[in-house]
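The values are calculated or read from the model by the stated rules, or taken from the named source; none is laboratory data. Quick caveat: nothing in here was measured; it's all calculated off a predicted structure. Counting neighbours? That spans all protein chains shown, and the Cβs are built from the backbone with ideal geometry, glycine included. All accessible areas refer to the heavy atoms of the entire protein, side chains included, with ligands and DNA or RNA removed. Shrake-Rupley method; radii C 1.70, N 1.55, O 1.52, S 1.80 Å.
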Amino acid sequence: MCAEDFCADHGIALCRVDEQPACEEHARVCQSCRMEHCSAHEGRCAEGDHSACSACLEACGSCGRVVCNRHAQQSRPDAPKGSRRLCIACVRYCEGGTNEPVGVDEVAQCASCSKSVCTAHQAVCVVDGHVHCSRHLHRTDASRRLVCAAHRADCAEEPEAIFAADEVAACPVCGRGACAQHRAACAHCGRQVCTADLQQQSHRCATCAQLATIADPPEEVVAAALAATGGASRSRRAWRVGRDRTHVVVELDLGWRRRTVFTLRHGDTVPESVVTHSLVGSKRRTVT
Ligand SMILES: [Zn+2]
Ligand SMILES: [Zn+2]
Ligand SMILES: [Zn+2]
Ligand SMILES: [Zn+2]
Ligand SMILES: [Zn+2]
Ligand SMILES: [Zn+2]
Ligand SMILES: [Zn+2]
Ligand SMILES: [Zn+2]
């Protein structure tokens, strides 16, 4: 390149890029491939700001910075954006696949473990709508939907089956989860309870089956009874009460074979639901 005469001991016989000799002053060793080249074929790698031969330097397909082969990886053709050169600042490893390199612009973070999952290997929890990696997603047995660990739920009647949180409701009697097939409405209080707590013959829940007369109902129950009946039941003698995991269930005898059954959530003073039973049938209303 400088065209000076020189001996082979001082300089290089061949630049690896153009295969021309170079003098000692213009000879370089590439820090990426470790091969000799001339100063005309020298460039800088943006990662670590070191020199390298031009054959080893190329732009990152994500950020566009020119980097050497040592500071770059190639993504596979089946990556979401195809095979690209990626600098070490832009490369991620997809947890949803085989840990293959992908670009930072091709991934989302798993909402459970915050590891990267590429758009080809990511899926969304049907309950929270967030992206999760395959290790943190489970397919529900009956509905075949995907749920994350936080939104996977169980039915106490079939503990080995996987459900989504929105497919299972807690039984107010026992507090355990029950799927749609293993819960039914109590004919007395109207609440959805698990089938284990629903008596076959009476169709009453375990709480309604054991209502007991109490002499002196607590203040919040008296207040709720007023709200439920509009003050129709003055006599506290005819009250039968039961208590379970989530509610106090109160049955008021209004005379003429009319009874009102209301449920009061623990800590509340307003009934959650009121069912009125009479000779003509039952009417349920939800208060809240
Ligand atoms: Zn090189
Ligand atoms: Zn050269
Ligand atoms: Zn980059
Ligand atoms: Zn480099
Ligand atoms: Zn994860
Ligand atoms: Zn979720
Ligand atoms: Zn139950
Ligand atoms: Zn009941």
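Against the conditions (1) in a loop (DSSP other than H, G, I, E, B); (2) more than 16 Å from ligand 4 (Cβ to nearest atom); (3) open to solvent by 50 Å² or more (accessible area, probe 1.4 Å), residue 105 satisfies every one except (1).
This table checks each residue for (1) within 13 Å of ligand 8 (Cβ to nearest atom); (2) open to solvent by 70 Å² or more (accessible area, probe 1.4 Å); (3) farther than 25 Å from residue 168 by Cα; (4) of a type in the set (D, E, K, R).
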site: 201; (1), (2), (3), (4): no, yes, no, no
site: 204; (1), (2), (3), (4): yes, no, no, yes
site: 221; (1), (2), (3), (4): no, no, yes, no
site: 244; (1), (2), (3), (4): yes, no, no, yes
site: 266; (1), (2), (3), (4): no, yes, no, no
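Looking at segment 152-167, is at least one residue out of contact with any Cys (no Cβ under 8 Å at 6 or more places or on another chain), open to solvent by 20 Å² or more (accessible area, probe 1.4 Å) and in contact (Cβ under 8 Å) with a residue 60 or more places away in the chain? So far as segment 152-167 goes, no, none of its residues is out of contact with any Cys (no Cβ under 8 Å at 6 or more places or on another chain), open to solvent by 20 Å² or more (accessible area, probe 1.4 Å) and in contact (Cβ under 8 Å) with a residue 60 or more places away in the chain.
Mind checking whether some residue in segment 72-82 is surrounded by fewer than 16 Cβ atoms within 10 Å (Cβ to Cβ), among the acidic types (Asp, Glu) and farther than 23 Å from residue 115 by Cβ? Scanning segment 72-82 turns up no residue that is surrounded by fewer than 16 Cβ atoms within 10 Å (Cβ to Cβ), among the acidic types (Asp, Glu) and farther than 23 Å from residue 115 by Cβ.
Among the residues of segment 42-75, count how many are more than 16 Å from ligand 2 (Cβ to nearest atom) and hydrophobic (A, V, I, L, M, F, W, C). The number of residues fulfilling the criteria is 9.
Applying the criterion of being assigned to a loop (DSSP other than H, G, I, E, B) and open to solvent by 60 Å² or more (accessible area, probe 1.4 Å) to the residues of segment 29-70, the residue that is modelled with the lowest pLDDT is 48. Among the residues of segment 274-284, those identified as farther than 17 Å from residue 239 by Cβ and open to solvent by less than 60 Å² (accessible area, probe 1.4 Å) are 278, 281. For residue 85, the stated conditions do not hold, so it cannot be described as touching a strand residue (DSSP E or B) at 6+ places or on another chain (Cβ under 7 Å), open to solvent by 30 Å² or more (accessible area, probe 1.4 Å), within 16 Å of ligand 4 (Cβ to nearest atom) and in contact (Cβ under 8 Å) with a residue 12 or more places away in the chain.
Counting only strands (runs of 3 or more DSSP E) that fall entirely inside segment 146-257 and contain at least 1 residues that are acidic (Asp, Glu) and either modelled with pLDDT under 95 or within 21 Å of residue 278 (Cβ to Cβ) (or both), the qualifying elements are 247-255.
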